[in-house]
Amino acid sequence: MDPIKIAIFIAAFALLLLVGRMLASAGEVHASSLPPPSLPPDEPSGAGEESRRPALTGAEIDFPIKLPPVRRMRDGTYNRPVFLNYYFGKTDLVKGPPDPTSFFDEFTLEAEDPVTGQKQVFEYTVATPAGIRQVMDQEKFESLYVEAETVIVGRWNLPLILETISEEIMKRYGHKDENQR
């Protein structure tokens, strides 16, 4: 075979590969690049003060699930971090989303390592299937790549969401309470 034909074939193949990758990445959507949520219309002027207060965070309300106590293990490590605070990006912890069966929000849980005192931030995307569908329809997405840790629930249930996330954190922390295994 002629080396010029081989070089032309390889160049054409590389060009097609490059064009294919560019087209594929143009249609890909990452959850981290989603537009900010649309704000609800302004409240009527007669709205009460309660609606204007900022949303409560987890540090301001009781933790709605029972966790094992933080305890030192025989090897000197602890069974879990100390949970300090948790909150959603736009959903009020007490009121929940307007539609409990359709929401998509970012959840943050702040913790502290009992040994070092180092603060840790855990971030998750929490959504219902209907909430994912709503985001995809509103933004006209053909696909949605969720890069962050993700929890999918059937409907708004704060205790279930916290239990799922805290169990995952404790599992990763490496020392889940033996009674729960």
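Read the figures in this text as sums done on the coordinates, not as results from a lab. Predicted model, so just to flag it, every value in this text is computed and none were measured.
Structure summary
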| read-out | value |
| --- | --- |
| Segment residue 136-residue 17, extension gain: residue separation times 0.36 nm, minus the distance between their alpha carbons | 40.0 nm |
| Size descriptor, Kirkwood hydrodynamic radius, that averages inverse alpha-carbon separations across the range 52-181, Å | 16.0 |
| Under 22 Å from residue 140, Cα to Cα: lysines that are on another chain or at least 8 residues apart | 90 |
